[in-house]
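The values are calculated or read from the model by the stated rules, or taken from the named source; none is laboratory data. A quick note: this is a predicted structure, and the numbers were derived from the prediction, not measured. Virtual Cβ from ideal backbone geometry, glycine too; neighbours counted across all protein chains shown.
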Number of protein chains: 2
Amino acid sequence: MRTVTVPLGERSYRIHIGPNLLQSLGERCRELRLGRRCAVISDVRVAPLYAKLVIKSLEASGFEPVLVKIPAGETAKRVRVAERCYEQLAKNRLERKSFIVALGGGVVGDLAGFLAATYLRGVDFVQAPTTLLAQVDSSVGGKVGVNLAAGKNLVGAFHQPRLVLCDVRTLRTLPKRELAAGMAEVIKYGIIYDAELFARLEADLPKVLKLDAETVADVVARCCEVKAEVVGKDERESGLRAILNFGHTIGHALETISRYGKYIHGEAIAIGQVAAATLSARQLGLSKGELLRIRTLFERASLPVGVRLTRGQIARLLEAMRLDKKVSDGRIKFVLAKRIGEVMVGQDVPEDQITAVLEMTAD
Amino acid sequence: MRTVTVPLGERSYRIHIGPNLLQSLGERCRELRLGRRCAVISDVRVAPLYAKLVIKSLEASGFEPVLVKIPAGETAKRVRVAERCYEQLAKNRLERKSFIVALGGGVVGDLAGFLAATYLRGVDFVQAPTTLLAQVDSSVGGKVGVNLAAGKNLVGAFHQPRLVLCDVRTLRTLPKRELAAGMAEVIKYGIIYDAELFARLEADLPKVLKLDAETVADVVARCCEVKAEVVGKDERESGLRAILNFGHTIGHALETISRYGKYIHGEAIAIGQVAAATLSARQLGLSKGELLRIRTLFERASLPVGVRLTRGQIARLLEAMRLDKKVSDGRIKFVLAKRIGEVMVGQDVPEDQITAVLEMTAD
């Protein structure tokens, strides 16, 4: 088992990464002296696989868990579903000292975290991510929230978990498509922060995709380390943390205009990252060779690297970007790469450049 | 004009109290260098009276305000209304640096504050309370939130405003019933913290109710001082702040079982305070004389001091209390008074005592 600490003073917490960790969830929660009652939030896909195990582990450690199920998929991440969950938490008498466990992917984690941030003005929160994407990204760092019709994650909070348990065994039940989507965030850490990780992925991609236990645990732990370091330095995204948004400006907008339907998050940000890399080549001098390496690695991971859009769709995409949280005074800001392993935030990009790149990257 | 500072380190803020302050809202926001765009949240009763003035003041100082109207009354304080507001904020392109102004009573302030706490994971927030209750209580201290069917304020956050502007002129358009309801919180400060204020209210009640400008500004400022002091010492209610809940355990439950219909908040907590004072006489030795003074002052302010409940209603009331945020390990905790000016928190009260007092206080 690998352990990474997210250094946030008295709100610091640990991420444990390894196989068969879900069994020990109850014990870990007891070590943290969490309250007796808890709600395990999971979706209708993950709950049948792992909820029983988690509930049993919690009960064995003296907790009183209840299971709250939500629909599967991004459409569950909305205010209305949150409202139904709140009423269930209240019905089951969760108190201020109770806690919420997120068991599932990014959607479950984001929604459950938002519930934990706001139910009774905030209760303790534990992440048990079961997808690669959630393990390397959304379960760490405390960003939680729900979507609006107008855009992704427009409502939310910063609410750090008390504990993150990444059981890499759960990746074995993950559909191939979801595994690939998770790779989009893994590759991102290489581009934005760690050229060595990027090179390792180029070498070890087949092993990762075959879920070789050691390699996966290594890679997930390295991603968590990078994220922990970034979040530890800039919890509220006033500076450094924004590098994590590489590929997300276009990616989020793409999800918004396709109504969270066509692309899952990892796919949308794969397209977004290749577009951002292309803009980087034009604006920041990212070399053609590195641009090609980036594009190729996404392709090898079976991720989409472009999208065919009509002029109308491009206009809607730009419109959605203007609504992004990262917009300031109406200007769309980009994270762009100077080279693999180093990015710069807050880059102004003229809209005609964005349009040109979107037209160019059509697959 | 009186000014009170809420001492919270770098999140400290000022409360200004006096007549005709709404006109200067834009100027004050400019002094704080708030972002350009803002949303003024108001309800359909208050907006026709003051929204134009506030919008004009903001525009005159270079801001770009939009008005977002919500229904009047406690029923507006719910998740569904929040969702509609979020979509409007997004539609009007409010950004991270934008801010939200609450123009209205406690419902508007609590809902608008919750929007500010969660829209884009938090934006700046300004309170312009127009009711006595909001001026002395809900606009100060950062507690924001919405209700669930299961109970009041069960969803929320701590989100401090950047500024509170109590324009006491607005109290002139307040219905008598709302003014009386506000007095319930004013009297509370006397009971929990300031015997001198209590005595002053006994002497000056007619002047306050006639809205004598000097007296009202004095009293509002004193209440804000007490609240600022309490909140400054215990922002997140881990101890001292709980004294502010005097009368609220029964009061909230009463609102819940009457579905926020029969009693407005101040009335419910007037009943709750008289019940808590009666329990205090039994449990903590509050003197009969002081209990009578408390009861009498509420009566003189035209507030209800008891309620006739069926056995079934009392059972539902107890049930609602068990769901209160203040419950810990299933035990209902009370704030009780030792004497006027001094209370003790976390008091266990046997349920049969609660029942007996509720039966006794029937009006």
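Numbers for the structure displayed
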item	result
Selection count, region A:116-155, where residues are in a helix (DSSP H, G or I) and within 23 Å of A:S12 (Cβ to Cβ)	8
Residues that are closer than 16 Å to B:T131 by Cα and not in a helix (DSSP H, G or I), drawn from region B:201-236	B:K210, B:L211, B:D212
Flag if A:L240 is on the phi > 0 side of the Ramachandran plot, outside the structural domain of A:G18 (by TED's automatic domain parsing), surrounded by fewer than 19 Cβ atoms within 10 Å (Cβ to Cβ) and not polar (S, T, N, Q)	no
Any hit, region A:12-32, residues being within 13 Å of chain B (Cβ to nearest Cβ) and modelled with pLDDT of 95 or more	no
Identity of the residue in region A:134-161, hydrophobic (A, V, I, L, M, F, W, C) and within 8 Å of another protein chain (Cβ to nearest Cβ), that ends up surrounded by the fewest Cβ atoms within 10 Å (Cβ to Cβ)	A:A149
Residue check for A:L165: at pLDDT 95 or above, in a helix (DSSP H, G or I), among the aliphatic types (A, V, I, L, M) and in the same structural domain as A:S12 (by TED's automatic domain parsing)	no
From the options B:V230, B:V307, residue that is touching a Phe, Trp or Tyr at 6+ places or on another chain (Cβ under 9 Å) and under 15 Å from B:I191 (Cα atoms)	B:V230
Odd one out for B:G247, checked against (1) in contact (Cβ under 8 Å) with a residue 24 or more places away in the chain; (2) surrounded by fewer than 24 Cβ atoms within 10 Å (Cβ to Cβ)	(2)
Hits in region B:188-212 - residues which are surrounded by 15 or more Cβ atoms within 10 Å (Cβ to Cβ) and within 27 Å of B:L163 (Cβ to Cβ)	B:K188, B:Y189, B:G190, B:I192, B:Y193, B:D194, B:L197, B:V208, B:L211
Residue within region B:69-87 that is over 21 Å from B:L120 (Cα atoms) and hydrophobic (A, V, I, L, M, F, W, C) present	yes
Candidates A:L286, A:L279 - the one that is away from chain B (no Cβ under 14 Å) and in a loop (DSSP other than H, G, I, E, B)	A:L286
Neighbours by Cβ (under 6 Å, 6+ apart or cross-chain): first from region A:128-143, of a type in the set (G, A, S); second part of a loop (DSSP other than H, G, I, E, B)	A:A134/A:G105; A:G142/A:H159; A:G142/A:Q160
Members of region B:115-127 that are surrounded by 24 or more Cβ atoms within 10 Å (Cβ to Cβ) and within 19 Å of A:A150 (Cα to Cα)	B:L115, B:A116, B:A117, B:T118, B:Y119, B:L120, B:V123
Matching residues in region B:1-26 - criterion: being out of contact with any Ser or Thr (no Cβ under 8 Å at 6 or more places or on another chain) and farther than 21 Å from B:L132 by Cβ	B:P7, B:L8, B:G9, B:E10, B:R11
Set A:K91, A:K77, A:K176: member being among the charged types (D, E, K, R) and either within 12 Å of chain B (Cβ to nearest Cβ) or touching a His at 6+ places or on another chain (Cβ under 8 Å) (or both)	A:K91
Qualifying residue in region A:96-111 (condition: touching a residue at least 60 places away in the same chain (Cβ under 8 Å), charged (D, E, K, R) and more than 14 Å from chain B (Cβ to nearest Cβ))	no
Subset of region B:60-97 that is more than 22 Å from A:K152 (Cβ to Cβ) and touching a Gly at 6+ places or on another chain (Cβ under 7 Å) - its residue that is surrounded by the most Cβ atoms within 10 Å (Cβ to Cβ)	B:F63
Count of region B:26-38 residues which are touching a Leu at 6+ places or on another chain (Cβ under 8 Å) and farther than 20 Å from B:Y119 by Cβ	2
